[in-house]
Each structure stands twice: as C-alpha cells, then as structure tokens.
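This report concerns only the one structure given below.
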Amino acid sequence: MATSAPITGQAPDPTRAISFPPGFLWGTATASYQIEGAAREDGRTASIWDVYSHTPGRVLNGDTGDVADDHYHRWREDLGILADLGVGAYRFSVAWPRVQPTGSGPANAKGIDFYSRLVDGLLEKGIQPVATLYHWDLPQELEDAGGWPVRETAYRFAEYAGIVADALGDRVRTWTTLNEPWCSAFLGYGSGVHAPGRTDAADSLRAAHHLNLAHGLAVRELRGRLPQEAQVSVTLNLHQVRPVGDSPQDVDAARRIDGTANRVFLGPLLDGAYPDDVLADTAHLTDWSFVKDGDTEIIRQPLDFLGVNYYSPTLVSYNKDGAEQGSDGHGASAHSPWPAGDGVVFHQAPGPKTAMGWGIDPTGLYDLLVRVGREYPDLPVVITENGAAFDDRIGADGLVDDPERIAYLRGHLSEVHRALASGVDVRGYFLWSLLDNFEWGYGYSKRFGAVYVDYETQRRVPKASARWYAQVAKTGTLPEAGDSPS
Ligand code: GCO
C-alpha cells in the first residue's frame, strides 16, 4: 500500500477544493458473489449464498447471484471501466467455492485461471489488485459440516488461503483475509438475515471466534508463502456507536453494542484478548470454552493495515420494557444479531437517508477513524468500503444523474481529509461499489454502484458520480461543492 504521511492542519472548509496527500490510494470495491454470476460454471460449487438465495422468502423478489453482473464473462469490459476511472487499486474477492470446490481438496484450475487473468489484466492497466479471501461465500459443504460455529472451518480456511496465495501471490501484493466477520457471524448465525440464515446467539459467538481464528491461521499461511513486501490486513465494518441520550442506561447500551460489534474482533485481532466486558455481557449464552489455549496468540498476527468499512453511524438508547428493536440497518428479523442487546433500541441518524434507510452522517466516519488512530496509532488504516445506495434511473438523455451520491461521497471524503489533518494515518479509500450489484437480502433492488447496471441487458452506464470520482482519483483533489467534472 502506498505510504502517505499524515498531514496536519486545520479542518478543511467543506465548500472548498480539498487536496489529499500524494500517494493516497484511490480505489473501488466489489465482491465475488455480488457481481460474478457463473454460479455453476467451470467447476464452481454452491456457496451458502447460493443455497440461501435459492431458498424461497430469503431474498427480496427471489433474486439470486446466479447471473448478477455476469462479471465472470464481462471482466475485460469492467477492467476498461476501472481504467477509465483512473483508480490506482481494485478491491475484489475470491470465491472460495470457485477455487477450492466443496471447501477442501485440490485447487480447481479453471477457478484459479479466472482470478489469474483478472490480476494480469489489472496489472496491465497499472491497477493494484487488492484481494479479499472471504467475502461470505463459504462452500456449502463446509456449512453442512457445521459452518463457522465449528472449529474445523477455520482450518479449512487456512488451507484455502494457502491455495490462493500460491496461485496469485507472485502478483498480488495486498491481501485481506476476511470482509466484515461481524456480518458473517451475527447476521449469518444470529438474526439469520444473511446466509446461512441460522438464528442461534451462542452459535453466532462461536462463529465470531472461529472467524477470528481463521484470520490468524490464514495470516500465518500468507506470511509463509508471500514475498516479504506483501501487505496483509483484515476488513471490519466497525460501528460508530453513539448513545442517543446521556443516561447511564443509554451509555451502557452503547458500550454493550460497541463490545459485540467492534471489540469482539478488535480485542483478539489487535490486542490479543477478548474484552472482559464482552465475556461478561454474553455469559448468559456461553462460557466461551470454545476458545482454546493458544487461540488468541494465533489470532493476533501483525498486520500491515486495518480495513474499515463505514456507511452510517449506529445510534442506540435503552428501553427497560425491551421495546422492539428500531432499525439497526441490518435487516428485519424475529431474531437479534446482538447477543448483548437486551433493551437496546436502535435509531437512524436524523435527516436525509440513503435508499437503504441509513442515516447520512459523515462525522461518524471521522469519529471512527480518530478512534482507531487513537487506539492503534501504529496501524495504518484503509477505508475499504464507503458509499451509498440511491434510487438511480437512466434519464431520457441516457445518462444517470446521481447528485445525492456525489454529495455523500464528497461529505465522507471531506471527513477522511479531516481525519488525516488530525493525524490519523489513512492510506486509501475504496468506493463501494464499482458496479450496481446483488445487495444480499435486498437482491438487486439497491444500487450502490458508481456504474449503473441494466440487469436485462448487462449494459454498464457510468453514473455522474463515476465521472466525479474519476476526477478525484486522477487529481487527488475533491472539486469544490457544485463543481461538475468535465
Ligand atoms: C458490506 C459488504 C458489502 C455490501 C455493502 C452495502 O459492507 O455489507 O461488504 O458487500 O454490499 O456494504 O451494504
């Protein structure tokens, strides 16, 4: 990852042009199941998302990732779009069931070939490949054997990491083990709004631990196979949790949610231990005996940077009557993804919302970056996802005008710059997402892309935000508010 010395100075005037330090890395991000399609092609076997999306009632409109953006066949065209954007890096994920079908055994040459050609294509265009090993597409066979709540899955992941490192490690210099283990564990095994759709709070905590363990084991595999200069990270969707009021109950609600959203990962991954309050808050569900001697030493591996995904702040209050959870932004379920969330009510930030119903508050990103910088001053940060869904349409002129997205991006990038000015070592920013894509339980109803995808024809139509972001990526400068790129 390119270096960028933190800059110091006054908070920028959000209406003026803002320049980022030389070397700041600009990119876009996608994920395998959300864009590739070709679900049963060239040896790929089913993942938990294939099974989940094909289960009636699980995904809006019965949408699946069977075709998605057909990126598996259109990747050359999509590389051209990336080149037009002028980004320095592209964050993609490798589909485990494509490169190691069934989750164990030898590599599938055709699966490896797809990513090898993608990486070669990126390098030919001068774009740095940033590979995520796991963006939620666990091979279904491993779920059938117990999934992330069972320890064996962590060892299977380490083996898979070694296979991918051997295949791509000569050309891919930047690696992320897991994308958002919180979603995998608590939405997949707690609320059930993500695959595999299980709803057992104790299992969600076991899953969280085995994902942490999988990360540690995988980092050891990567370090043992990759060149010295390779950079290894993990990506967390850290929640910027704020109590709505200043009552002790509201403040404690925020502590409990911060514990099971953030510190259940930050603790073992970066500090080498599960926080005592998280263990205490969840003691009614488990004795944590699934944490074996030596596990936390395995999990805590030196990292080259921390990936942070941010979309919206998390506002909480306490209601002793255990009122219905408000909207935590993670989808409605009869089961909670919060094992320490008794009596917690979730609120969305006031004011304008995205198409996901998420409050728009860029200061949440600033606060999050300052926290990470304060708690882990020697660990560089990369914003591996930030973006927004809006109800984009192709106009009569054939163009997609998305001023709300440009305003969202400008507001959040202004706060990134403010964090840099405050001394936080932020190295890069990846826009979520390059393309409109399969938005999990919402199917194709939510458009996060800088590029519009007409799913009937697979035509790609760069939105106004793509042109705006291309100017930012090429100049390293946020145009003055209202400036429209040429
Ligand atoms: C996530 C995932 C992405 C989502 C994006 C919008 O952060 O949930 O990494 O796959 O599509 O964040 O929800």
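Where a number appears in this text, it was derived from the coordinates with a stated rule and is not lab data. These figures come from a predicted structure and were not determined experimentally. Because the Cβ atoms are built from the backbone with ideal geometry, glycine has one as well, and the counts that use them run over all protein chains shown.
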*For the peptides 376-385, 257-266, what is the packing order when you average, over each peptide's residues, the other Cβ atoms within 10 Å and list the highest mean first?*
257-266, 376-385
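In what sequence do Leu285, Leu122, Leu434 fall when counting other Cβ within 10 Å, fewest first?
So the ranking, lowest neighbour count to highest, is Leu285, Leu122, Leu434.
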_Tell me whether the range 415-477 comes out rounded, prolate or oblate; compute the Cα gyration tensor, take square roots of the eigenvalues as a ≥ b ≥ c, and use a/c under 1.5 as the rounded threshold._
oblate
*Whose amide H sits under 5 Å from the amide H of Val232, counting only residues 5 or more places off or on another chain, with H placed in the peptide plane?*
Trp175, Asp304, Phe305
*Got a sec? How would Asp137, Asp276, Asp401 order by Cβ neighbour count within 10 Å, fewest to most?*
Asp276, Asp401, Asp137
_With a cap of 13 neighbouring Cβ atoms within 10 Å, and only residues DSSP puts in a loop, list the trypsin sites (Lys or Arg not before Pro) found in the range 292-389._
Lys292, Lys320
*³J(HN,Hα) computed for each position of the range 227-242 - Karplus, 6.51 cos²θ - 1.76 cosθ + 1.60, integer Hz, glycine/proline x*: x, 3, 7, 5, 10, 10, 8, 9, 10, 10, 8, 5, 8, 8, 8, 10
*Hey, if you put +1 on the Cβ of every Lys and Arg and -1 on every Asp and Glu Cβ in the chain, which of Ile81, Gly398, Ala145 ends up farthest toward the positive end of that dipole?*
Ile81
*Rounded if a/c is under 1.5, else prolate if a/b beats b/c, else oblate: with a ≥ b ≥ c from the C-alpha gyration tensor eigenvalues square-rooted, which is the range 291-435?*
oblate
*Exposure proxy ranking, count of Cβ atoms within 10 Å, fewest first, for Asp66, Asp397, Asp402*: Asp397, Asp66, Asp402
*Amide hydrogen neighbours beyond the local backbone of Gln240, cut-off 5 Å, H modeled*: Thr314
*Cβ-Cβ FRET estimate between Ala230 and Ser116, R0 fixed at 22 Å, reported to 0.05*: 0.85
*Cleavage-rule hits (trypsin sites (Lys or Arg not before Pro)) in the range 385-486: DSSP loop, at most 15 neighbouring Cβ within 10 angstrom*: Arg393
_Farthest positive-ward along the range 272-411 dipole, Cα basis, beta-carbon charges - from Tyr408, Ile383, His347_ = Tyr408
*At what distance in angstrom do the alpha carbon centres of the range 298-351 and the range 386-460 lie from each other?*
22 Å
*Go through Leu306, Tyr444, Val264 and say which Cα lies farthest out towards the positive end of the charge dipole of the range 18-476; charges sit on Cβ, +1 for Lys and Arg, -1 for Asp and Glu.*
Leu306
*Could you give the length gained on full extension between Gln458 and Leu123, defined as 0.36 nm per residue of separation minus the Cα-Cα distance, in nm?*
118.1 nm
*Report the extension gain between Glu297 and Ser445 in nm, rounded to one decimal, defined as 0.36 nm multiplied by the number of residues separating them, less their alpha carbon distance.*
49.0 nm
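Summing -39500 (n - 2.57) over the DSSP H runs of n ≥ 4 in the chain and dividing by its residue number, what mean residue ellipticity at 222 nm do you reach, to the nearest 500 deg cm²/dmol?
It comes out at -10000 deg cm²/dmol, rounded to the nearest 500.
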*Would you calculate the separation in nanometres between label points at Glu41 and Asp397, each defined as 7 Å from the Cα along the Cα-to-beta-carbon direction?*
3.5 nm
*Could you pull out every one of the lysines with an alpha carbon less than 25 Å from that of Lys463, ignoring same-chain neighbours closer than 8 positions?*
Lys125, Lys353, Lys446, Lys474
*Using r as the Cβ-Cβ distance of Thr477 and Ser247, and R0 as 45 Å, what FRET efficiency do you calculate, to the nearest 0.05?*
0.55
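About the Cα centre of the chain, what is the dipole size in debye to 20, counting +1 per Lys and Arg Cβ and -1 per Asp and Glu Cβ, all else neutral?
For the chain, the charge dipole is close to 820 debye.
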*Karplus 3J(HN,Hα) series, Hz, for the range 439-454 with 6.51 cos²θ - 1.76 cosθ + 1.60 (x for Gly, Pro)*: 8, 6, x, 8, x, 9, 6, 10, 10, 9, x, 7, 10, 6, 10, 7
*May I ask you to compute the full-extension gain from Val370 to Leu60, defined as 0.36 nm times their residue separation minus their alpha-carbon distance, rounded to one decimal in nm?*
107.9 nm
*Cβ under 14 Å from Trp148's Cβ, Trp148 left aside: what net charge do those residues give with Lys, Arg +1 and Asp, Glu -1?*
-4
*Using DSSP to define loop residues, name the GluC sites (Glu not before Pro) in the range 156-262 whose beta-carbon has at most 11 other beta-carbon atoms within 10 Å.*
Glu229
*Under a point spin-label approximation (7 Å from Cα along Cα-to-Cβ), what is the Glu159-Asp378 distance to one decimal in nm?*
3.6 nm
*Give, as a single signed number, the net charge of other residues whose beta carbon lies under 14 Å from the beta carbon of Phe186, with Lys and Arg counted +1 and Asp and Glu -1.*
-2
*Residue by residue, what Karplus-based ³J(HN,Hα) values in Hz, rounded to whole numbers, does the range 357-363 have, using 6.51, -1.76 and 1.60 with θ = phi - 60° and x for Gly and Pro?*
x, 8, x, 9, 8, x, 5
